[in-house]
Amino acid sequence: MKEYSNSVDTRIIKIDPDNIDWKYLQLAGQAIREGRLVAFPTETVYGLGADALNAEALLKIFQAKKRPFYDPLIVHIYNLKEIYDYVEFFPDVARTLGELFWPGPLTMVLKKSKSISDIVTSGLDTVAIRIPDHKVALGLIKEARRPIAAPSANLFSHTSPTTAWHVISDLKGSIDIIIDSGETLIGLESTVLDVTTSPLQILRLGGITFESLKKIIPDIIIADDHIKIKKAPGMLSRHYSPLAKLILVKDKDEKMIEKIRKIALQHRNKGKKVGVIACQENREKYSGFIVKVLGEAKDLNSCARNLYAQLRILDELKCDIIISENFEDIGMGRAIMDRLKRASRNC
Ligand code: AMP
Ligand code: MG
């Protein structure tokens, strides 16, 4: 395979989702058809897209991201009708969920058909599929006339990109086109749901909450960590993480604030640069330290939207240590806590 990294002249194209200039999307769609890599916005985070039916193009994704081959890719399609080309079996429950939540941040794991190669699925007999809820993403899939395999457009294990600038800083020089359509709305990745098991299992918490899925499927469960590792191989290691070491403090209220201040002081006394991730209400409690606010504690959607961008800012400020408050483990808070826990792992 030809060396791909750091040899590409990356073109950056601005596309306004509310006033799409189709000639640029046609150009990007053609690039996908020709086997090139295009980073594009979705409602969750920016994705790094390639033709899901072109093995050589798929290999470029792994190379550009430095992503190990054991980590399977999500396939993005344009509408529900197309799904029958890529899955062997589309159960009724999956159809119901698709009709309710697509386009949207729900990825379903289904038995794959022969048209999906082992490169997409890392050799698994299932494929992860979703329809994104973003005019530019849908326009790109339509123009490409192909399903688009797209992991998040960041270097492997780094925080996912929520702006084109994040993509540029990780992948400029390694990919062909970056579409800039501003900040993403949700800011965390899709929920990954395995619909091949009974009961249905959530393999990754994300943009569609456990609570809203449970309303439709009362016996749905969140898979244990060891199942997640077995079934969703990309999730085993430290992931979604900033470059700085991240410490997640689990205590609540005043005890949490006290503990964060104590740990922050200890590290500062050792000459380390410390950043704190906090909710708006507690900002003042950490005066004297670099504080990045995610939003009001109760506004978990805003907190989710801002998480990765604020972690990246603390990295840009060259913090050695980031200490984070914990957030309520409910609704989008579950996904925030999931990412903070993974980012704070040592391995
Ligand atoms: P991302 O890099 O955010 O696109 O994440 C893709 C994740 O989806 C992978 O890391 C896997 O954990 C999960 N995934 C993709 N395909 C499958 C599959 N066939 N079975 C289970 N999980 C999958
Ligand atoms: Mg990713």
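Assorted remarks:
- Scanning segment 89-130 for residues that are aliphatic (A, V, I, L, M), more than 15 Å from residue 148 (Cα to Cα) and in contact with a Ser or Thr (Cβ under 7 Å, 6 or more places away or on another chain) turns up 106, 109, 110.
- Considering the conditions (1) surrounded by fewer than 19 Cβ atoms within 10 Å (Cβ to Cβ); (2) farther than 21 Å from residue 206 by Cα, residue 260 is excluded by exactly one of them, (1).
- Test: residue in segment 267-278 that is in contact with a Gly (Cβ under 9 Å, 6 or more places away or on another chain), on the phi < 0 side of the Ramachandran plot and open to solvent by less than 80 Å² (accessible area, probe 1.4 Å): no
- Failed condition for residue 312, given (1) more than 21 Å from the chain's Cα centre (by Cα); (2) of a type in the set (Lys, Arg); (3) open to solvent by less than 30 Å² (accessible area, probe 1.4 Å): (1)
- For segment 70-79, the count of residues that are of a type outside the set (Val, Ile, Thr) and at pLDDT below 95 is nonzero.
- Within segment 178-212, the residues that satisfy the criterion of being over 19 Å from the mean Cα position of the chain (by Cα) and more than 16 Å from residue 103 (Cβ to Cβ) are 195, 196, 197, 198, 199, 200, 211.
- Qualifying residue in segment 330-337 (condition: on the phi > 0 side of the Ramachandran plot and in a helix (DSSP H, G or I)): no
- The strands (runs of 3 or more DSSP E) falling completely within segment 1-96 that include 2 or more residues that are loosely packed, with under 15 Cβ neighbours inside 10 Å and away from ligand 2 (no atom under 16 Å from the Cβ) map to 11-14.
- Residue within segment 21-42 that is within 30 Å of residue 304 (Cα to Cα) and of a type in the set (Lys, Arg) present: no
- Filter result for the condition that a residue is touching a helix residue (DSSP H, G or I) at 6+ places or on another chain (Cβ under 9 Å), within 16 Å of ligand 1 (Cβ to nearest atom) and open to solvent by 70 Å² or more (accessible area, probe 1.4 Å), over 225, 329: 225
- Of everything in segment 116-146 that is among the small types (Gly, Ala, Ser) and closer than 30 Å to residue 23 by Cβ, the residue that is surrounded by the most Cβ atoms within 10 Å (Cβ to Cβ) is 137.
- Every residue from segment 105-141 that is assigned to a helix (DSSP H, G or I) and of a type in the set (Asp, Glu): 118
- All conditions but one from (1) free of Cβ contacts under 8 Å to residues at least 12 places away in the same chain; (2) buried (at least 19 other Cβ atoms within 10 Å of the Cβ) apply to residue 167; the one that does not is (1).
- Among the residues of segment 284-302, at least one is in contact with a helix residue (DSSP H, G or I) (Cβ under 8 Å, 6 or more places away or on another chain) and acidic (Asp, Glu).
- Matching entry among 113, 152, 160 (being of a type in the set (S, T, N, Q) and surrounded by fewer than 24 Cβ atoms within 10 Å (Cβ to Cβ)): 113
The values are calculated or read from the model by the stated rules, or taken from the named source; none is laboratory data. Predicted, not measured: the structure shown is a model, and the values here were computed from it. Every residue, glycine as well, gets a Cβ built from its backbone with ideal geometry; the counts of neighbours run over all protein chains shown. Surface accessibility is based on the protein's heavy atoms, side chains included, excluding ligands, DNA and RNA. Shrake-Rupley method; radii C 1.70, N 1.55, O 1.52, S 1.80 Å.
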